[in-house]
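Enquirer: Take this structure, written in structure tokens, and hold onto it; I'll ask about it next.
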Amino acid sequence: MIFTSFTKALAQMGDPRFRRVLILGVALTLALLFAIYVAVLLSISWLTGDAVTLPLLGEVRWMDDLLGWTSLIAMLVMSVFLMVPVASAITGFFLDDVAAAVEARHYPDLPPVPRMPWMDTLRDTLGFLGVLIGVNLLALVLYIALPFGAFAIFWALNGYLLGREYFQLAAMRRLGRAGAQELRRRHWLRVWGAGVLMAIPLSIPLLNLVIPILGAATFTHLVHALRPDRGRTG
């Protein structure tokens with residue numbers, strides 16, 4: 001069911017309506033990554049001064065690095081660790097648009113639904129993002145204590161959190177908050193598995209740029225596949 005949902009999402013990349021959202025999502029993802037990268041460099045510069053001498057590297061000037069080609073490489077490397085919170089933030093901006101494009105293509109008999117109120121979406125997105133960052137900061141102890149299993153722990157933990165967020169937001173459009181929570185609890189293992197399969201490619205530079213939008217489409221399909229009334233969803 002999970003792989004079928006992902007295959008359907010992948011096959012829709014040629015749809016103009018879906019492709020537009022995908023391009024906007026990639027652009028916003030790059031913008032968020034660059035903003036975080038700039039914030040990190042400026043923080044280091046404020047703490048250490050304009051330049052610092054490092055073993056083997058010699059003198060490093062933070063602002064030169066910010067404006068140089070090395071910034072692209074540094075940003076791609078940082079994306080391995082930063083794409084999980086970035087993906088969490090992306091859901092609030094684009095999940096409604098992605099879900100609408102998916103439903104127009106695959107579930108045309110469904111009645112239209114109003115967009116989620118912006119303040120509700122912002123509240124849920126910031127809440128999930130706070131939990132995601134807080135749990136990962138606590139998990140740093142495990143990453144350090146079990147370095148060989150760090151990636152497995154990272155994927156399992158963030159797969160659970162991302163699956164919970166994406167499924168909840170996708171299901172709320174049709175089922176409401178209480179209905180979405182009930183459906184997620186009933187199928188928590190599938191939701192976790194789908195989240196892990198999303199978290200793994202988020203750790204691969206460049207590929208991770210398209211995963212937030214593809215993930216939103218995949219979870220939209222998954223919600224419709226798991227709904228009790230799925231026989232009436234097209």
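Enquirer: For the stretch 137-214, give the percent of accessible area contributed by carbon and sulfur heavy atoms, probe 1.4 Å, rounded to a whole number.
Expert: The computed percentage sits at 75.
Enquirer: Can you give the accessible area per residue of the stretch 76-197, in Å², using a 1.4 Å probe?
Expert: Per-residue value: 51 Å².
Enquirer: Taking all protein chains together and a probe of 1.4 Å, list 165, 182 from the most accessible to the least accessible.
Expert: Final ranking, largest accessible area leading: 182, 165.
Enquirer: I need to check one value: relative contact order of the stretch 111-190, counting alpha carbon pairs closer than 8 Å and at least 6 residues apart, in percent.
Expert: 24 percent
Enquirer: What whole-number value in cubic angstrom gives the convex hull volume per residue for the C-alpha atoms of the stretch 108-234?
Expert: 116 Å³
Enquirer: Just grab the label-to-label distance for residue 119 and residue 207, each label 7 Å out from Cα along the Cβ direction, in nm (one decimal).
Expert: About 4.2 nm, to one decimal.
The values are calculated or read from the model by the stated rules, or taken from the named source; none is laboratory data. All values derive from a computational prediction rather than experimental measurement. Positions of Cβ are backbone-derived with ideal geometry, glycine not excepted, and every protein chain shown enters the neighbour counts. Each accessible area value is taken on the protein alone, full model and side chains, heavy atoms only, with ligands, DNA and RNA left out. Shrake-Rupley method; radii C 1.70, N 1.55, O 1.52, S 1.80 Å.
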